[in-house]
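The values are calculated or read from the model by the stated rules, or taken from the named source; none is laboratory data. Computed from a predicted structure; not experimentally measured. A quick note on method: Cβ atoms are made from the backbone with ideal geometry, for glycine too, and the neighbour counts reach across all protein chains shown.
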């Protein structure tokens, strides 16, 4: 919930009916979707500098078109890139990553659907701020011993930092491309 004099961040999360293998499964309003929407709301609300936009509402709509695993991490990364692209100031660049443990031993980064269903072990999802190396979100699904949990969480943090680097590179390249298009438009207008 936003405080007085700050923007409200509204997050809508849904999964399209054709996104999953099991088409009979509910895609909105079920416990899993509601929980994901709540976590996404908290992660994004915490990252945005809401005090810069009093009496405003920032809407973030996230729709899963194909759920092939690591959906929450993908939504966090998509939201971070979209906020930066829209020019909405954030405290720090943030990203997320999911790590699963096959039989609670071998870690797999960024699980797809088959890996997450067949891993037979725990799944760790983290969201982290890049510069501060601070956790914004941590979720453990399944049972795991503390040593395996620490190694999986550290691997997920490394994966999230790698995702931020990739997003940052793309955003910078995209920004340069947009600037060059604007410059070419302004020079073509000046010549006419």
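Checking each residue in the stretch 47-62 for being assigned to a strand (DSSP E or B), surrounded by 14 or more Cβ atoms within 10 Å (Cβ to Cβ) and within 15 Å of the chain's Cα centre (by Cα) picks out 48, 60, 62. Taking the criterion of being under 22 Å from residue 140 (Cα atoms) and modelled with pLDDT under 90, would at least one residue in the stretch 46-64 satisfy it? Yes, that holds for at least one residue.
For the stretch 138-173, the candidate set comprises residues that are in contact with a helix residue (DSSP H, G or I) (Cβ under 7 Å, 6 or more places away or on another chain) and part of a helix (DSSP H, G or I); within that set, the residue that is surrounded by the most Cβ atoms within 10 Å (Cβ to Cβ) is 163.
Being without any contact (Cβ under 8 Å) to a residue 24 or more places away in the chain, under 17 Å from residue 76 (Cα atoms), in a strand (DSSP E or B) and under 16 Å from the mean Cα position of the chain (by Cα) is the requirement here; does residue 135 meet it?
It is true that residue 135 is without any contact (Cβ under 8 Å) to a residue 24 or more places away in the chain, under 17 Å from residue 76 (Cα atoms), in a strand (DSSP E or B) and under 16 Å from the mean Cα position of the chain (by Cα).
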